[in-house]
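The values are calculated or read from the model by the stated rules, or taken from the named source; none is laboratory data. Keep in mind it's a predicted model, so treat the numbers as computed, not measured. Note that we place each Cβ from the backbone using ideal geometry, even for glycine, and neighbour counts take in every protein chain shown. SASA here: full protein model, heavy atoms, side chains in, ligands and nucleic acids out. Shrake-Rupley method; radii C 1.70, N 1.55, O 1.52, S 1.80 Å.
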Amino acid sequence: MPQPRAVVVGAGIGGLAAAAALHRRGWAVTVLERAPSLEPVGAGIALAPNAQRALDVVGLGDAVRAMSARQDEGGLRTPSGRWLSRTTQQAAAERFGGPVVVAHRPDLVALLASRLPEGALRTGTPAEVTDPGTGERPATVRTADGEELTADLAVAADGLRSATRHTLFPGHPGPRYAGFTAWRFVVPAPERPFAPHETWGRGTLWGTVPLHDGRVYAYATATVPAGGRAPDGERAELLRRFGGWHHPVPELIAAAPDDAVLRNDVYRIAEPLPAHHRGRTALLGDAAHAMAPNLAQGGCQALEDAVVLAHHAAPDAAGTPRALAAYTRDRLPRTTEVVRRSARVARLAGVSAGPLRALRDTALAAAGRFGPGPALRSLDGIADWRPPEPYAAGAHGTSPAGADRG
């Protein structure tokens, strides 16, 4: 039987993970990336236990767990510094089988790229799926310079503005502005110690998380119209919005070079796609289910997509359409629910009206008196996911009875 060929469009976290997982399943893989080099932006990514178990499938789970920064108690605060609720890594580990690891995104991308065979990754190669294929006909991927590649399986991991998604489902409305913009940066840790936290203000949010190498990942959001940019730089905008908040927020902003502060409007796919595949082409990650970042599950769900896709895509080219139908059955309901739950948390965090904000904070503080359980409940049924068989038996930890398999 000839070795089947998979072509992956996009070398983000989901695309690289899919290529690595398919390679382990016996597929010949080619990854096409439009950027001239594999140099991801310098921000952090939260990897909950479900993502770590997906990474176990490609042999990287323990490498990521080793990136876990030592943390004690953290939690949710108000801009003045008052704690609304607290939790610990131990509480998360007991509930979900492990703590959340916050990694530097370039480190994760480098690990995933190291799992690809030599020559599989082609940078500086914009491409899109022009023919999704059928049971009898391979998919076709065309590069910007006119080269056509045929594939027994095409994987569109081409992000929020996926051209392939539009090709497969031209009537779908696509992503919608979520109502807020986000800033991210990584800086050295301040001299004064701090507890990891997320802080909710009036239509604003700030998060500070230590990385394993001694630096700090900071992120912020604000409810603003789409398309805005600060005329004097995004660092100055952060100072205006967050410079009076509790320690260490002002110190972190002061330590960030202006060109190191990333700003991106947040979009989500509010209306689920009818499927995550068509013919011999699968959509993966943001191309299929872009979501608000408030549950920190965008990258985690892309990693789940990757290993579930590889699980169904046995190295049998003839069976690929059936395998992709199974991929949609497993992933579409789950990711639709995660998108909805992320949106609900985003709406709660983005409350601007004074009375509603006071009511929200009072409710959160009351729930926090019962310990970390209420704060962790938003990830129930998400962070405790385990890969489908046969992966689960070889992954880190033991698969519980009744665990979500898709």
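Details
- With DNA, RNA and ligands ignored, accessible area of TRP385 (1.4 Å probe; Å², nearest 10): 0 Å²
- Gyration tensor verdict on the chain (Cα atoms; rounded if a/c is under 1.5, prolate if a/b is larger than b/c, oblate otherwise): prolate
- Taking Cα centre as origin and charging only the Cβ of basic (Lys, Arg, +1) and acidic (Asp, Glu, -1) residues, the dipole magnitude of the chain rounds to 1180 debye.
- Distance between the modelled labels on THR362 and ALA260, one decimal in nanometres: 4.2 nm (7 Å Cα→Cβ projection).
- Taking the average, over residues, of other Cβ atoms within 10 Å as the packing measure, peptides 288-295, 157-164 rank 288-295, 157-164 from highest down.
- What the phi angles of the stretch 162-171 give under the Karplus curve with 6.51, -1.76 and 1.60, with θ = phi - 60°, is a coupling list of 3, 5, 5, 4, 5, 5, 6, 9, x, x Hz, glycine and proline written as x.
- Taken as Cα centroids, the stretch 330-349 and the stretch 1-57 sit 23 Å apart, rounded to the nearest whole angstrom.
- Charge tally for ILE269 (other residues, Cβ to Cβ under 12 Å; Lys, Arg +1; Asp, Glu -1): +3.
- In this simple spin-label model, placing a label point 7 Å from the Cα along the Cα-to-Cβ direction at both ARG24 and ARG161 gives a separation of 3.3 nm.
- Rounded to the nearest Hz, the phi-derived 3J(HN,Hα) couplings of the stretch 95-112 under the Karplus curve 6.51 cos²θ - 1.76 cosθ + 1.60 (θ = phi - 60°) are 7, 10, x, x, x, 6, 9, 9, 10, 6, 3, x, 5, 5, 4, 5, 4, 5, where x marks glycine and proline.
- The angle between the Cα long axis of helix 354-368 and the longest principal axis of the Cα atoms of the chain comes to about 80 degrees, rounded to the nearest 10.
- DSSP bridge pairs, the chain: antiparallel proportion in percent, nearest 5: 70 percent
- Derived scalar couplings between HN and Hα for the stretch 59-65 equal x, 10, x, 5, 4, 6, 4 Hz in order, rounded to whole Hz, by the Karplus curve 6.51 cos²θ - 1.76 cosθ + 1.60 (θ = phi - 60°), x for Gly and Pro.
- Cα-centre dipole for the stretch 1-134 with unit charges at Cβ (Lys and Arg positive, Asp and Glu negative), debye to 20: 260 debye
- Computed [θ] at 222 nm, deg cm²/dmol, the chain (DSSP H ≥ 4; -39,500 (n - 2.57); rounded to nearest 500): -10000 deg cm²/dmol
- A dipole drawn for the chain from +1 and -1 charges on Cβ atoms has a positive end, and of ALA288, GLY174, HIS197 the residue lying farthest that way is HIS197.
- Sequence-distant residues sharing a close amide H with ALA43 (under 5 Å, placed H): ARG105
- Each of ALA69, LEU55, ALA6 was placed along the dipole of the stretch 1-84 (beta-carbon charges, centred on the mean Cα), and the one lying farthest toward the positive end is ALA6.
- Taking label points 7 Å from Cα along the Cα-to-Cβ direction, ARG329 and ARG192 give a separation of 5.7 nm.
- The magnitude of the dipole of the stretch 221-266, with charges of +1 and -1 set on the Cβ of Lys/Arg and Asp/Glu and taken from the Cα centre, is near 140 debye.
- The listed peptides 82-91, 272-281, ordered by packing as a protection proxy, come out as 272-281, 82-91 (highest mean of other Cβ atoms within 10 Å first).
- Close amide H contacts of LEU84 (hydrogens built in the peptide plane, cut-off under 5 Å, sequence separation of 5 or more or a different chain): LEU76, ARG77, THR78.
- On the beta carbon distance between GLU271 and LEU348, with R0 = 22 Å, the FRET formula returns roughly 0.55.
- Database remark: amide H of VAL216 closer than 5 angstrom to the amide H of VAL187, ALA189, LEU211 (H placed geometrically; neighbours at sequence offset of 5 or more, or on other chains; Pro and chain starts carry no H).
- Contact order, relative form, for the chain: 23 percent (alpha carbon pairs under 8 Å, 6 or more residues apart, mean separation divided by residue count).
- Comparing PRO374, TRP183, PRO231 along the charge dipole axis of the chain, the residue lying farthest to the positive side is PRO374, per the Cβ-charge model.
- Charge tally around ARG165: other residues with Cβ under 14 Å, Lys/Arg +1 each, Asp/Glu -1 each, net -1.
- Shape category assigned to the stretch 327-372 from the gyration tensor of Cα positions, a/c cut at 1.5: oblate
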